[in-house]
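Every read-out reported here was derived from the displayed coordinates using simple, explicitly stated rules and does not represent laboratory data. Given the structure is predicted, the values throughout are model-derived calculations rather than measurements. Glycine also receives a Cβ, built like all others from the backbone with ideal geometry; neighbour counts cover every protein chain displayed.
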Amino acid sequence: MPPLKGIRVIDFGRFIAGPYCGMLLADLGADVIRVDRRGGSEDRNVGPVAAGGEGGLYLSLNRNKRGITLDPAHPDAAAIVRRLIGTADIVIANLPIEVMRKMGIDYDSLRAIRPEIILVMISAFGPDGPYAQRVGFDAVAQAMSGAMSLTGFKGPPVRSVVPFEDYGTGLHAAFGAMAALYQRQQTGQGQMVDASLLATGVTFMQALLAERHVTGVDRRQAGNAGFWSAPSNAYPVRDGWIVAAVIGDPMFRRWTRLMGRDDLRNDPRLKDDQSRADHRDLIDGPMTEWTRARSCAEAMQALEAARIPCGPVNSLDQVLADPQVRARELLQYVPYPGAAKEVPLANTPVRLSATPGGIHHRAPELGEHTSEVLGELGFSEQEIEEFGQRGVV
C-alpha cells in the first residue's frame, strides 16, 4: 500500500514550488486535488506541448493529481472551500497572504474549520519580516541569495537555467509536511509549515556565506571551475565537453599518475585542495591539453579507470537517449490528450524499496474531476450543475 494512502491534500499551488510539493506527496499515494481557476491557472501553459496549451511543467508537476476548477472570488465558492478543507489533511498554498485570507485558506481560517489541519505555506520571503508582502520568483531568490553573483564567467550575473530555488523549496515543503504529519500522529495537533524561496537560497549558499563572513575571502565568478579544489572544471574533448572533479589527496595522486605529471604531485604550491584551487592554472592547463587529444569516450574511460568523477556535457537529446536514464526509468513516457507524442515525465525521484511511489496517471485536464470531487463532498448533481451555471466552478 502506498505510504500516504488515505491522506488528502488540497493543492492551491502555482508554478513550481507548491505543485512540486504536492507532486511528491501524490507520487507516494496521497489524494491530491489541484484547484484551478475556472479559465485555467497561469502555470498550465508554460512551454506548451499539448493542443490545449498545457506545458511540460504542468504535466510533470501535476501528474497523479485530480483537478477541479473554482472561482474563489465568487460568493458561493466559500461553501465549497469549507467542505474541501473539512476533508483535508494538508493544504498547500503559494499565494500572497492577503489572497489566502480572502479565499479563507490562511492558517487561522483553516484551523477554525479543521483544527488538525496542516497548512504548507510557500512564499518568496516568508510570512514576516520587512519583505513579507513582496512577491518573487525563483530568479529573485537566486539573485538575493548571492548565487547569481557567483554564477557564470566574469561579467554580468547569471541565472541558472534550472530553477533550483523553486524545486528546493518544494522539497523542503514536502519534508516539512511529512514531519508535521508525523507530529500530528503523535499529538493530534496540526500546524503551519513555512517554506520560502529566500530561505532555500540562503541554505544552499551557506558554505560560501560562512567562508565570506569568517575568513573574509571575496569570491568572484569563476565559470565552471570549483572554488575549493582542482582540477574541477569543464574541459574540451575532440567531440564536445566533459566535466571532471578531483577532491582530496588520494584522488589528486591518481590524477597526476593519469596525466604522467609527478612534478605536480610534489609541487608545494599544490599541497592541498584549497591551494590547488588557488593555483588552478597549473592544473587546468595540463588537463585541457590531455582532454583535447581525446574523444569524450576515450577521456571518460581513462578517468573512470582512475576513479575520478566525470561525465559528458549532454545535450537534451543525449539525456533522453542516455542508457542509465533508460535503465533506471528516470523518465516515464505518459500520453496526454492533444500531445503529438507521449510526454517524458521525471519519475519519482526517491525510491522506497517496500512501498515505492510512481506515476499512476496523467495530469488532469482543466476541471476534469470537478463533478467527481464535489459529489464526494456531498453536493447533489443539481447543486453541481447550478454551480457551473453561476460561474462558481
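Overview of results
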{"read-out": "Packing-based exposure ordering (other Cβ within 10 Å, fewest first) of SER109, SER353", "value": "SER353, SER109"}
{"read-out": "Neighbour-count ranking [beta-carbon atoms within 10 angstrom, fewest first] of CYS21, CYS296", "value": "CYS296, CYS21"}
{"read-out": "Spacing of the two label points (7 Å from each Cα toward its C-beta) at ASP263 and ALA327, in nm", "value": "4.0 nm"}
{"read-out": "Expected 222 nm ellipticity per residue - DSSP helices of 4 or more, -39500 (n - 2.57), all of the chain, to 500", "value": "-12000 deg cm²/dmol"}
{"read-out": "Residues of type lysines that LYS341 reaches as a straight line, Cα spacing below 22 Å, ignoring anything fewer than 8 places off in the same chain", "value": "LYS65"}
{"read-out": "Order by protection proxy (mean Cβ within 10 Å, highest first), peptides 382-390, 140-148, 25-33", "value": "25-33, 140-148, 382-390"}
{"read-out": "Stretchable slack from VAL162 to ALA302, in nm (0.36 nm times residue separation minus alpha-carbon distance)", "value": "47.4 nm"}
{"read-out": "Mean separation of Cα contacts under 8 Å (6+ apart) over length of the chain, as relative contact order %", "value": "20 percent"}
{"read-out": "Assigned charges on the beta-carbon of Lys, Arg, Asp, Glu; the chain dipole about Cα centre (debye)", "value": "880 debye"}
{"read-out": "Among MET1, VAL217, TRP290 the positive-end extreme of the charge dipole of the chain (Cβ point charges)", "value": "TRP290"}
{"read-out": "The chain: radius of gyration over Cα atoms, expressed as a fraction of 2.2 N^0.38 Å", "value": "1.18"}
{"read-out": "Size-normalised alpha-carbon gyration radius of region 232-315, reference 2.2 N^0.38 Å", "value": "1.02"}
{"read-out": "The chain: DSSP helices with Cα axial extent of at least 30 Å and average Kyte-Doolittle hydropathy no lower than -0.5", "value": "164-187"}
{"read-out": "For TYR58, TYR235, order by how many other beta-carbon atoms lie within 10 Å, fewest first", "value": "TYR235, TYR58"}
{"read-out": "Gain on full stretching of the segment that runs from GLN133 to THR355 - 0.36 nm per residue minus C-alpha separation", "value": "75.9 nm"}
{"read-out": "Region 114-231 - charge dipole about Cα centre, Lys and Arg +1 at Cβ, Asp and Glu -1, debye rounded to 20", "value": "220 debye"}
{"read-out": "Relative contact order of region 232-315, pairs being alpha-carbon contacts under 8 Å that are 6 or more residues apart, as %", "value": "45 percent"}
{"read-out": "Förster radius 25 Å - calculated FRET efficiency between GLU289 and VAL313 (Cβ-Cβ, nearest 0.05)", "value": "0.85"}
